[in-house]
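The structure appears below as structure tokens.
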Amino acid sequence: MANPTGTDFEKTINEDGAYTFTSSDFGWSDADSWFGDTFGGVKITTLPASGTLTLNGTAVESGDKIAASDIPNLVWTPVANANGDVSFDFQVYSKWFGFDGGTDQSPNTATLHVAAANDAPVLTLSSPHLTSINEDAVDNAGQTIASVLGDSVADVDTGAVEGIAITGLTSGNGTWQYQLAGSADWVNVGSVSGTGALLLGAADSIRFVPNGENGTDASFTYHAWDQTSGVHGTLADTTTNGTTSAFSSGSDTATIAVSEVNDPAKIEVLEGSDTSVTEDSDVTAGNLVATGSISVDDVDGADTAT
């Protein structure tokens, strides 16, 4: 009686996926099939160098035989976030009316290709505080996005870069502005939302420009952005986030405190009506009445004029 033969094969899955085998994968054939030989199963000769090969959730060991009826429960799961190629060797064997038949004496190789997929950045809540300024710092230098993020972003992808997607802001008594790396221009952030978030890279800068009259607190909310899609200085939809997207599932809020500076009051004397007196008559100063008025304007509304 002749021994059966198997066939080398290759399969491709996405990173963080899993592959479930089928009987046809192993390419069993037997010259004695006309005599009643059927596919009995496979013997695992060597194990994959990485990942986990399981049968019904239990790890397979080298030398284990997997019956043909159990092959649909044979699964290989790669290491999380890994990609590349792994392989294992196997031997097919036959059954003859329920009895063990021949076994292929030349092991075959199964090669599994894991295609790389992006992993979303992970943002750790840190509630960063930008460097405080006072109300007169209308031309402050701002801060880079890298300094805002600090060590709050992690990304398992090799060579990953950082950035943010601003989804909301409070401006108080002033305006948020951004500056792209390499540019001298500051641009108002404007209206942003989850579906229209402003993208800024790690080397870009952000600042708050107070109105020059009052202190305030201001903030902006953001997701981490790994720059695998989108362009800094443009808007993007962040409603799809986490998993393989460019945006973290979590968000954070950065704040800045703008302190008050006392502003001098503006005093204006408003002329009143003339007072008439008779020439060469005696006038007592106490009988003269001033009819003008004084206007006091102070942007520090809580101050008292004295």
More than 16 Å from Gly230 (Cα to Cα) and modelled with pLDDT under 95: which single residue out of Asn173, Asn140, Asn188 fits that description? Asn173
Please determine whether any residue of the stretch 232-254 is over 17 Å from Ser132 (Cα atoms), surrounded by fewer than 17 Cβ atoms within 10 Å (Cβ to Cβ), at pLDDT 95 or above and among the aliphatic types (A, V, I, L, M). no
Restricting attention to the stretch 165-192, the residues that are closer than 17 Å to Ala254 by Cβ and outside any strand (DSSP E or B) number exactly 4
Can you tell me which residues in the stretch 172-212 are among the hydroxyl-bearing types (Ser, Thr, Tyr) and crowded, with 17+ Cβ neighbours inside 10 Å? Thr175, Tyr178, Ser205
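One line per residue, one yes/no per condition, for (1) within 41 Å of the chain's Cα centre (by Cα); (2) more than 30 Å from Asp32 (Cα to Cα):
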position	(1), (2)
Val60	yes, no
Asp64	no, no
Gln91	no, no
Ser94	no, no
Gln105	no, no
His113	yes, yes
Ile145	yes, yes
For Phe99, all conditions in the list (1) in contact with a strand residue (DSSP E or B) (Cβ under 9 Å, 6 or more places away or on another chain); (2) loosely packed, with under 14 Cβ neighbours inside 10 Å hold save one; what is the number of the exception? (1)
Pairing a residue in the stretch 90-114 that is farther than 23 Å from Glu61 by Cβ and in contact (Cβ under 8 Å) with a residue 24 or more places away in the chain with any residue that is of a type in the set (Val, Ile, Thr) and assigned to a strand (DSSP E or B), where Cβ atoms lie under 6 Å and the two sit 6 or more apart in sequence or on different chains, gives His113/Thr12
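Among the residues of the stretch 132-144, are any in contact with a Leu (Cβ under 8 Å, 6 or more places away or on another chain), in contact (Cβ under 8 Å) with a residue 12 or more places away in the chain and part of a strand (DSSP E or B)?
Here is the first cut: in the stretch 132-144, the ones in contact with a Leu (Cβ under 8 Å, 6 or more places away or on another chain) are 143.
Adding the requirement that they be in contact (Cβ under 8 Å) with a residue 12 or more places away in the chain leaves 143.
Retained after the next criterion (residues that are part of a strand (DSSP E or B)): 143.
Yes, because at least one residue in the stretch 132-144 is in contact with a Leu (Cβ under 8 Å, 6 or more places away or on another chain), in contact (Cβ under 8 Å) with a residue 12 or more places away in the chain and part of a strand (DSSP E or B).
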Yes or no: Asp70 in a strand (DSSP E or B) and surrounded by fewer than 20 Cβ atoms within 10 Å (Cβ to Cβ)? no
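Condition first: in a strand (DSSP E or B), closer than 30 Å to Ser229 by Cβ and in contact with a Pro (Cβ under 8 Å, 6 or more places away or on another chain). Can you find one or more residues in the stretch 90-101 that meet it? Reasoning before the result, please.
To start, the set of residues in the stretch 90-101 that are in a strand (DSSP E or B) comprises 90-96, 99-101.
Keeping just the survivors that are closer than 30 Å to Ser229 by Cβ gives none.
Checked the stretch 90-101: no residue is in a strand (DSSP E or B), closer than 30 Å to Ser229 by Cβ and in contact with a Pro (Cβ under 8 Å, 6 or more places away or on another chain).
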Go through the stretch 21-47 residue by residue and tally those that are surrounded by 13 or more Cβ atoms within 10 Å (Cβ to Cβ) and within 40 Å of the chain's Cα centre (by Cα). 4
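Could you please let me know if Ser50 is without any contact (Cβ under 8 Å) to a residue 40 or more places away in the chain, polar (S, T, N, Q) and either surrounded by 16 or more Cβ atoms within 10 Å (Cβ to Cβ) or at negative phi (or both)? Lay out the reasoning, then the answer.
Details: without any contact (Cβ under 8 Å) to a residue 40 or more places away in the chain: yes; polar (S, T, N, Q): yes; either surrounded by 16 or more Cβ atoms within 10 Å (Cβ to Cβ) or at negative phi (or both): yes.
So Ser50 fits the description; yes.
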Ser152, sole failed condition from (1) of a type in the set (S, T, N, Q); (2) loosely packed, with under 14 Cβ neighbours inside 10 Å; (3) under 29 Å from Thr243 (Cα atoms): (2)
Residue count, the stretch 29-87 (criterion: out of contact with any strand residue (DSSP E or B) (no Cβ under 9 Å at 6 or more places or on another chain) and among the hydroxyl-bearing types (Ser, Thr, Tyr)): 1
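Here is a check on your reading of the model: is Asp217 touching a strand residue (DSSP E or B) at 6+ places or on another chain (Cβ under 9 Å), in a loop (DSSP other than H, G, I, E, B), acidic (Asp, Glu) and over 17 Å from Gly250 (Cα atoms)?
On the way: touching a strand residue (DSSP E or B) at 6+ places or on another chain (Cβ under 9 Å): yes; in a loop (DSSP other than H, G, I, E, B): no; acidic (Asp, Glu): yes; over 17 Å from Gly250 (Cα atoms): yes.
Considered against the rule, which asks whether it is touching a strand residue (DSSP E or B) at 6+ places or on another chain (Cβ under 9 Å), in a loop (DSSP other than H, G, I, E, B), acidic (Asp, Glu) and over 17 Å from Gly250 (Cα atoms), Asp217 comes out as no.
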Go through (1) surrounded by 14 or more Cβ atoms within 10 Å (Cβ to Cβ); (2) in contact with an Asp or Glu (Cβ under 8 Å, 6 or more places away or on another chain) for Val79 and report which single condition fails. (2)
Scan the stretch 36-67 for residues that are at pLDDT below 95, assigned to a strand (DSSP E or B), out of contact with any helix residue (DSSP H, G or I) (no Cβ under 7 Å at 6 or more places or on another chain) and of a type outside the set (Ser, Thr, Tyr) and report the count. 1
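The values are calculated or read from the model by the stated rules, or taken from the named source; none is laboratory data. Note that the structure is a prediction, hence the values are computed from the model and not measured. Glycine gets a Cβ as well: all are built from the backbone with ideal geometry, and neighbour counts include every protein chain shown.
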